Structure formats: structure tokens, C-alpha cells
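The structure appears right after this line, and notes come after that.
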Amino acid sequence: MGLSASQARLLTITARKSDCEFQSMRYSHQKIALSRSMTDLSTKYQNSLDQTKLVYDFYGESDTTTPLSYGLLMTPSQMNGYLPTLITDASGKVVLSSPYAAAARAAGIPQEGLGCLPSSTTRNKFLEALAKNGVISNETAKTCMDIQYSQSIGFGTTDIVAAKAVELNIDELLDKIDASGFRIDLSGSELAGDGNSRICINNGNQASLSDWFGSGNTITMRELFESDYTVFSTTADKDGDYARFHDDAVRISQLNCWEQIIDAFTLALDDGTALSKAALDYATQKTRDLVYFSDLQYLDSDGNAVSGTVMTSPNNDAPAETGGWGCYETGYKYTNKKRSKAEAKSRENASKYIGYYGFDSRNSGFGWGLKKNQVDTVGISISNIAKAFLTYYIQYIEGANNPYANLNNDAGMTINGGNGNHGTGHNNYANVDGTSRSVASNNLVSLDTDYTFTYMETEGINTDQALISGFYDAIFNQLCTRGWVENNNITDNDYMQEMLKTGKLFLATCADDGYYYQGNYATNTYIKEVTDEEAIAKAEAEYNTEKQKLTHKEEIIDLKMKNLDTEISSLTTEYDTIKSVISKNIEKSFKRYDA
């Protein structure tokens, strides 16, 4: 090989060797990068071994297969006991998905909430919007709207209302009450009094309570409205010490019928709204004022209490309201000692009053100066008390537009009417003026009224439908009082669970007392944080796959580096050989010219 050719070859070998060394260095850096990737992969895998997930175990069977999700919490089912668990932010507002948020807007619920519970009209708008946005079906929305709106669910109770509101006139209302099996029981405690007293019922034919119940009879609500049932108590005062009006009235007030009438109407007319509850409370209080009392007084013809005649009630079980007499009437002409005369007078007049009617058979004067063997009688119309309850209820519901405005005013009861046959009747209720208190037929609810009542129908109500309705009522109630925020990511399980685990979101859960309380997910009985075996297995599979890929890449790099090392070694040997040839050629040339 010539000198020039050898030098050219040497340069080629040098260039190739440098290139191989550069490639070897590049592969070495790649191996370092692969090593870092392997370290990161190992770290990630180790961290994945601590992965947890939130599961919902409603039945307490250590079930770890049901992941916690927004849909599970916000969709009625046996899994959540038909009570929603709400996702809330730090301020307590309910976190809503976009469809739920759209329904809240459509119902007119601002994001800061209403601060109160509105009417069923607003609730129905919310249900309609849920159907429009695909959260529930149109059929479900209609079914829920037919069922009574429960304002109390989530606010002291978890009980559903399995009833729907229907409009009934009074005739239809009485049919419903009687069809439920309700009957009025006129029994009570300590009715016999002493040996000089008796208590009787009258509806055309006088009968003592023992006789009445001896035949097993009770009264339906319709019978009470279609006729005039009165109860009166009579005491023959053989000692002549004082009139027994007080004792007789206490005896009557202990009958069971008064609370039974209140309970029957309350059960029928409570539609779950605040207005209905307030009206029933008002009617209940007014009715009790008529039956129970804390003191009674004799009144003169001007309606003024006669000095020294106040008789304090020993009936500690009775409410401490001042209620009282429909009338106290002196019986100037009825001086006959026979009990039947006083009872006849009481039966004759009790139905004219709302409240008690008292008749005294003494022959003159007021106060304590009674003669021996005189008879005192107190009567009260049960029928009028029942009618008065409904009248008070209508008054409250209708307000200024009620058709019975003259039944009551702020000063007390005012019933139109005239004087009795023997003196003027008076009512000491709220110390109103001396107007007579006989009851005109147009002052009380009657069977021919066209007024319609809202009755809660329980027939034909599917329990599951009622549960679903109560579920959405609970959500609606919380939105109105708490307010809400929109977050469409909340439907992503991983996002929601991560936000809960990191304390950025909370859960509002209905407790045993019927109220919703906000807390960490760990405070919820049904939600558990468990090892995520599935995620760990997935992470392990990913680790093995990625590790295999990195190992394969490393093996390829190692092979390439080995080949490069071989080539570099070969080039080095050739480089040394060529370099030796060049040196010898140069040496020969110098020797040739030296010769």
C-alpha cells in the first residue's frame, strides 16, 4: 500500500472510530435515562400499593364492590334508603351537576338559597325541570307532583308522606273521615262525679253515658254534623253551699271526644305545608279554648263579673287558657227542684252557643246565696265544637277573604244573636262586650257550604312512588335552605372521591333526628375507605409492562454498545496496523535517499 493510500485509510479509520465512540457515549446516556425511568416506575409502583377507594356499604356487609358515586347518592334506591346524601362545599352549599343546577335555576332557587321552604308550586317546578333535563322521566315527575310535598323531610323527620292532595267539599270530607273507621267516643275519666251528679248525652232523647255505651254506640263525624249532639252535666246541690257550674264543666271537659275531633281533622287536613300546619294549630288552640279553662265567672246582665264569684279550676290536666261560657243564664222561673227541668233548659239552649251553657234553677240573685236542693246544669254542643274547628281552620287559611269573618276577631269571639228567654246570655271569653252569643246558622261551617278543603288521599299511593317523591323533596328542601353551586366534574368518580379524600368537598347526611349535618366522608356510616385492590393490580400490571419495555430497550442498547465496542476494537487494531505501515514506508524512504 502506498503512503498516500495508507494515510487516506488512516483518516477514514480515525473518523469511523470517533463516530463509534460518539454513538457509544449516546447509548450510555440513554442507559442512564432508562435507569431514571426505571427508578420513577418503581417509585410509582410502590406508591400505588397504598391506593384506597371510597365504597358504599349500605347494608353493613363489608361490601367493597360498590364504588361511591354522585349518581348513587343522588338517585333514589334501596342502596341509599331513599334518602339523598349531598355533596357540599366548605360553605355548606350543595354541589350540583349541570342537569341538577339547571333544574334549580328553572325553579327559581338562587345559588345563595331561599332561606326558607317555599310552596309545593316551586317544588313542582323543580320536578318538571328535572324531567326536562333528563334526570327523571316525565312519568316520575308527574307521579311525584301528585303526591303531597313534604316540607318536613330533612328538617326533623325522615318519614315520607304517602298521600296526595285532593279537593273535597265538606260532605266529601266527612265521607272520607268516616270511611277511615273513625268514630267519636264520648267516654272520659271521673265522669260520675259525686252521688248528686250525672253526665248525659242528648240528641233528641236524653241518655246517661252508661246507657249510651251500654248499647255499644259511638258517633260518626257525619252524624255529628247532621244532627245536634250535646253533652250536659247536672248537679243537685243539696247543701246549698255554692253553684256547681265549675264542677260540671270540668267533668264535661274530661271527655275523650274533644281531642278525637281535633285529631281526626288534623289527620285529614294536614297537607305538609307550613300554612296548613299553622291553620291547624290555630284551630286547635281556639277549639281547646272553648272546652278547657282556668277560671269561670258569674256574669251580670252587662257581662261584668260579680264580685266574689271566681271559681278556680282544680283540673290540672287542662290547659291553662281562659276559655269558657257560651252563656250563663239565670233561671228566674225555673225554681222547681226537679232535675229534669234544669236539664231540659240546658238541652234547649246549649246548641245555640259555641262553648258552655250554664243554667241555675235558683229563684233570685247572683253569687253564693243559693237555696238547698237547687239544680245546676252545664251543657255544650259537641256538634258546634266540631263545626267551630273547621270554621277556625278556614278563617286562618283564607285570612281576610274568609267567609266566616264574624265568628272571631282580635278581641275574642263575636257571634250574632239575641237575648235568651230568662235573662241575657254572656261569654267571658277574652272579656269581650256584652253581646249575646247565640249561634246563627251562617256563622259556622255547614254541610251545604261550597268551600273546598285540601284532603290528603292515601288510597292508591304506591309506597315506592312515595319514597321517590320524598327523596326529591329532601334534595329540594336542602337546596332552598343551603344554596347550591354547580360543578359538572362532580359526576366523575375519581374526581369526586379525590376531592372528598383531600377535604375539599364534604358530605351532608341525614342523621337519626331527621336533620342534615355536614361532615367528612369518614363520619358517614355507609361510606368506607378501603384498599383499592383493583387499582393496585392494574398498577402492578402497568409496572411489569413498562419494566419489560425498559429492560428490552436496555438490552438493545447493550447489544448496540457491544457491537460498537467490537467495531472500535477492530478499528483500533487496523488503525495501529496502518499507522505501522506508514511508519515503515517513511523509514524506507529515508534509508533509500540516505544511501
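The values are calculated or read from the model by the stated rules, or taken from the named source; none is laboratory data. All values reported here derive from a predicted model rather than from experimental measurement. Cβ: placed from backbone, ideal geometry, glycine included. Neighbour counts: every protein chain shown.
The residues in the stretch 31-65 that are surrounded by 13 or more Cβ atoms within 10 Å (Cβ to Cβ), polar (S, T, N, Q) and not in a helix (DSSP H, G or I) can be counted, and the count is 3.
Only residues that are modelled with pLDDT of 90 or more and exposed (fewer than 14 other Cβ atoms within 10 Å of the Cβ) were counted in the stretch 516-554, giving 3. Has the stretch 248-259 got any residue that is modelled with pLDDT under 75, closer than 29 Å to V166 by Cβ and not hydroxyl-bearing (S, T, Y)? No.
Just one of the listed residues (Y521, Y575) is in contact with a Lys or Arg (Cβ under 8 Å, 6 or more places away or on another chain) and more than 30 Å from A474 (Cα to Cα), and it is Y575. Right, L280: touching a Leu at 6+ places or on another chain (Cβ under 8 Å) and at pLDDT below 85 or not? No: the conditions fail for L280.
If you scan the stretch 463-503, which residues turn out to be free of Cβ contacts under 8 Å to residues at least 40 places away in the same chain and not hydrophobic (A, V, I, L, M, F, W, C)? If the condition is that a residue be free of Cβ contacts under 8 Å to residues at least 40 places away in the same chain and not hydrophobic (A, V, I, L, M, F, W, C), then D464, N489, D492, D494, Y495, E498, T502, G503 are the ones that fit. Are there any strands (runs of 3 or more DSSP E) wholly within the stretch 473-541 with 3 or more residues that are touching a Phe, Trp or Tyr at 6+ places or on another chain (Cβ under 9 Å) and farther than 30 Å from T143 by Cα, and if so which? Those strands (runs of 3 or more DSSP E) span 527-531. Kindly provide the set of residues from the stretch 174-198 that are at pLDDT 55 or above and among the charged types (D, E, K, R), ordered by number. Correct list: D175, K176, D178, R183, D185, R198.
Within the stretch 26-44, identify whether any single residue is outside the structural domain of K501 (by TED's automatic domain parsing), in contact with a Phe, Trp or Tyr (Cβ under 7 Å, 6 or more places away or on another chain) and in contact (Cβ under 8 Å) with a residue 60 or more places away in the chain, and answer yes or no. Scanning the stretch 26-44 turns up at least one residue that is outside the structural domain of K501 (by TED's automatic domain parsing), in contact with a Phe, Trp or Tyr (Cβ under 7 Å, 6 or more places away or on another chain) and in contact (Cβ under 8 Å) with a residue 60 or more places away in the chain. When K547, K560 are screened for being of a type in the set (D, E, K, R), more than 24 Å from Y45 (Cα to Cα), in contact with a Phe, Trp or Tyr (Cβ under 9 Å, 6 or more places away or on another chain) and assigned to a helix (DSSP H, G or I), only K560 passes. For the stretch 66-108, taking the residues that are assigned to a loop (DSSP other than H, G, I, E, B) and touching a Lys or Arg at 6+ places or on another chain (Cβ under 6 Å), the one that is surrounded by the fewest Cβ atoms within 10 Å (Cβ to Cβ) is identified as G92. Might you check whether a residue that is β-branched (V, I, T) and either touching a helix residue (DSSP H, G or I) at 6+ places or on another chain (Cβ under 8 Å) or within 30 Å of G92 (Cβ to Cβ) (or both) occurs anywhere in the stretch 551-564? Yes. Residue selection: G483 fails the criterion of being within 30 Å of I109 (Cβ to Cβ), among the small types (G, A, S), modelled with pLDDT of 90 or more and surrounded by fewer than 19 Cβ atoms within 10 Å (Cβ to Cβ).
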